[in-house]
Amino acid sequence: MKANMKTAVKLKGRGITLFHPMSLLIPLMILLPNLLFFRLEPRNMPGEAVRNVFFTGAEFIGRIGVIILPLFYSLHMQSVFEVLALTLMLLSLGIYYSGWAKYFKNGRPYRLLYTSLMGIPVPLAVSPVLYFLCASVLLHSSCLLIFSLILGAGHIPASLVEYKRSA
């Protein structure tokens, strides 16, 4: 195998693309605030709750898919539709970062992980789902679209349950 960081890693002699380094940015941008979260855990966290098995399973499967799949697709920016998807992707990333900034700036209370922002309920769940849905357009990946929908089917309802529990 020969690595070329400008294009992709290809299977020697076959022209099959295995890895697209630029696409690594897609999951990385969502994961960055989560790294801080693991270091600086929330305060005033309520006791353990019984989680819905369906939501937890869908959230887990969706997360694995949206983190891994982008690595195997190249970015496309040829059409207006793709530029619109990139714009929505960046907007949702901005909302996501704003939610995290609000959480860290205000002393990391657990409830801020789920409170609305700019009228968007559970923005730390809705914005990454929108982000990955838009990424599926940029990557021309129906698989990423499916995993984004699975993530949304688990992450958003689970976050709404936590919002009601922490209110």
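The values are calculated or read from the model by the stated rules, or taken from the named source; none is laboratory data. Predicted, not measured: the structure shown is a model, and the values here were computed from it. FYI the Cβ positions are ideal-geometry reconstructions off the backbone, even for glycines, and counts take in every protein chain you see. Ligands, DNA and RNA are excluded from the accessible area calculation, which covers all protein heavy atoms including side chains. Shrake-Rupley method; radii C 1.70, N 1.55, O 1.52, S 1.80 Å.
Figures for the structure shown
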read-out	value
Condition met for LEU86 (in a helix (DSSP H, G or I), buried (at least 18 other Cβ atoms within 10 Å of the Cβ) and either touching a residue at least 24 places away in the same chain (Cβ under 8 Å) or hydroxyl-bearing (Ser, Thr, Tyr) (or both))	no
Test: residue in the stretch 128-148 that is touching a residue at least 12 places away in the same chain (Cβ under 8 Å) and touching a strand residue (DSSP E or B) at 6+ places or on another chain (Cβ under 7 Å)	no
Some residue of the stretch 94-110 being crowded, with 20+ Cβ neighbours inside 10 Å, under 20 Å from PRO70 (Cα atoms) and within 15 Å of the chain's Cα centre (by Cα)	yes
Every pair of residues 6+ apart whose Cβ atoms lie under 7 Å, when the first sits in the stretch 54-66 and is open to solvent by 80 Å² or more (accessible area, probe 1.4 Å) while the second is modelled with pLDDT of 95 or more	ILE61/ILE150; ARG63/LEU151
Residues located in the stretch 127-167, provided they are outside any helix (DSSP H, G or I), surrounded by fewer than 18 Cβ atoms within 10 Å (Cβ to Cβ) and among the hydrophobic types (A, V, I, L, M, F, W, C)	ALA167
Evaluation of LYS164 against (1) touching an Asp or Glu at 6+ places or on another chain (Cβ under 8 Å); (2) over 22 Å from LEU35 (Cβ atoms) (one fails), failing number	(1)
Odd one out for HIS76 among (1) part of a loop (DSSP other than H, G, I, E, B); (2) in contact with a helix residue (DSSP H, G or I) (Cβ under 7 Å, 6 or more places away or on another chain); (3) open to solvent by 60 Å² or more (accessible area, probe 1.4 Å); (4) not aromatic (Phe, Trp, Tyr)	(3)
Which listed residue is among the aliphatic types (A, V, I, L, M), out of contact with any His (no Cβ under 7 Å at 6 or more places or on another chain) and under 18 Å from ILE156 (Cα atoms), from ILE68, ILE61	ILE61
